[in-house]
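The values are calculated or read from the model by the stated rules, or taken from the named source; none is laboratory data. Only a predicted model underlies this, so the values are computations on that prediction, with no experimental measurement involved. As a convention, Cβ positions derive from the backbone with ideal geometry for all residues, glycine included, and neighbour counts pool all protein chains shown. Each accessible area value is taken on the protein alone, full model and side chains, heavy atoms only, with ligands, DNA and RNA left out. Shrake-Rupley method; radii C 1.70, N 1.55, O 1.52, S 1.80 Å.
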Amino acid sequence: MATRGFVFYLLSGFSVAITLSVLFLNSNVGSHSNERIFLSSSNSVTEKVWPKLEFSWRIVLATVIGFLGSACGTVGGVGGGGIFVPMLTLIVGFDTKSAAAISKCMIMGASASSVWYNLRVPHPTKDVPILDYDLALLFQPMLLLGITVGVALSVVFPYWLITVLIIILFLGTSSRSFFKGIQMWKEETDLNELAKQNETLQSKASPEILRFNLSWKNILLLIAVWASFLLIQIVKNDVAPCGIWYWALFFSQFPIALGVFGYEAVKLYTEHKKRTQYICGASIEWTPMHIAFCAFCGILGGTVGGLLGSGGGFILGPLLLEIGVIPQVASATATFVMMFSSSLSVVEFYLLKRFPIPYALYLMAVSVLAGFWGQYFIRKLVAILKRASLIVFLLSGVIFASALTMGVVGIEKSITMIQNHEFMGFLGFCSSQ
């Protein structure tokens, strides 16, 4: 109980500290930058603001927040974009679009280092890879499809509605994950048996674990899906919005996503007919209804992620826990999928010249270190305390911190728009692209 209380107060303090920093900076650094919006709003003109990379208290504070956000976000499997974007706009001084692009760079760096670390770690309870490739193939194509839809709709939805969605969704998933963590804390497996399993699994050499965790067939299939979506986005950016070619390219994403999802769904359903399917310690009945539910959640998570600029990790992480995947595997798999979705955005943003290279490289380096060492220290803490539920509490804390920062800034911005009598309704899809 003492450890759980310590984790709760630590996460609460981290969340409150970030929120107070946002409030203080938002009211005292108005002269630092002409742009103070963290979500895109097509009814207002946003100026590109790229501060110089030079030593100052701002870069020090951004480094600390970025390191902590990346470490906690990747361990929880949610990335941390809800913390990075307000930090980059309010503390460093970037404009909205540039902050979102650099945030994706940070998520990609942290995710890549976390995946590398997880590939060298054995499954905590079974002699199977720690990355669940079946779940990755099931969710990744639908998540990418949903993100492209959400990004397209983000310029249509009014700012106040996006803020409301942020508060409802993030507080809802954070609360659900927190209560899930409490339940898991109470239902932790026998400590002696878990320690015995860990000793057995850790006896493998690191190169052997790495080879065992790699499934090149599944990885190449995921890369093929990623490359297909990337190619479509690159070509689509050079065609006129709402033209024939625009819609042809837009709808060409659907057969790609549905094809890979259908392949994996048929595979799981066929195996389920032969025997009860166990994935990552969770007994999952792959019936048509459950498979359809996974497709719906994947598209919904991607759409909401693209709409809010969070990338979908805030949906996928809690969802994997909800269907019964153990925290270590849920974190590793969600981070693995997030690496593909974030890198897709980074390549596209790079081609569009949306972010300054020096700043992106610096913050990516910070995130790479944070992702690796965050995984290292938390895994060690889980092994010492025999409490995998700590990962769930971290996930809940990062989402809660994101809800506070994005919600507070969003409400303030909405109030300013009302006072300035700005347009608060829905915008036309074609005219806003």
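Evaluation of V235 against the conditions (1) more than 20 Å from V128 (Cα to Cα); (2) open to solvent by less than 60 Å² (accessible area, probe 1.4 Å); (3) β-branched (V, I, T); (4) over 22 Å from the mean Cα position of the chain (by Cα) shows that the sole unmet condition is (2). One residue stands out among those in region 120-167 that are open to solvent by 40 Å² or more (accessible area, probe 1.4 Å) and within 17 Å of the chain's Cα centre (by Cα): the one that is farthest from G428 (Cα to Cα), which is I167. Taking the conditions exactly as written (small (G, A, S), buried (at least 22 other Cβ atoms within 10 Å of the Cβ) and in a helix (DSSP H, G or I)), does S343 satisfy them or not? No.
Is there a residue in region 184-199 that is surrounded by 12 or more Cβ atoms within 10 Å (Cβ to Cβ), assigned to a helix (DSSP H, G or I) and at pLDDT 60 or above? Scanning region 184-199, I find at least one residue that is surrounded by 12 or more Cβ atoms within 10 Å (Cβ to Cβ), assigned to a helix (DSSP H, G or I) and at pLDDT 60 or above, so the answer is yes. Applying the set (1) at pLDDT 85 or above; (2) within 30 Å of N118 (Cα to Cα) to W57 leaves exactly one unmet item: (2). Looking at region 406-420 only, could you name the residues that are open to solvent by 10 Å² or more (accessible area, probe 1.4 Å) and closer than 9 Å to Y159 by Cα? K413, S414 - these are the residues of region 406-420 that are open to solvent by 10 Å² or more (accessible area, probe 1.4 Å) and closer than 9 Å to Y159 by Cα.
Applying a threshold of 6 Å to beta carbon distances and a minimum spacing of six or more residues, or different chains, the list of pairs starting in region 356-384 at a residue that is free of Cβ contacts under 8 Å to residues at least 60 places away in the same chain and ending at one that is exposed (fewer than 15 other Cβ atoms within 10 Å of the Cβ) and in a helix (DSSP H, G or I) is empty. Tallying residues that are small (G, A, S) and within 20 Å of the chain's Cα centre (by Cα) within region 389-433 yields 8. Just one of (1) in a helix (DSSP H, G or I); (2) in contact with a Leu (Cβ under 8 Å, 6 or more places away or on another chain); (3) of a type outside the set (D, E) fails for V325. It is (1). Scanning region 358-399 for residues that are open to solvent by 20 Å² or more (accessible area, probe 1.4 Å), of a type in the set (F, W, Y) and out of contact with any helix residue (DSSP H, G or I) (no Cβ under 6 Å at 6 or more places or on another chain) yields Y362, W373, Y376, F377.
The listed residues are F349, F355, and the only one of them that is open to solvent by 10 Å² or more (accessible area, probe 1.4 Å), modelled with pLDDT of 80 or more and part of a helix (DSSP H, G or I) turns out to be F349.
Looking only at region 285-317, residues that are closer than 20 Å to Q183 by Cα and either assigned to a loop (DSSP other than H, G, I, E, B) or open to solvent by 20 Å² or more (accessible area, probe 1.4 Å) (or both) come to 1 in all.
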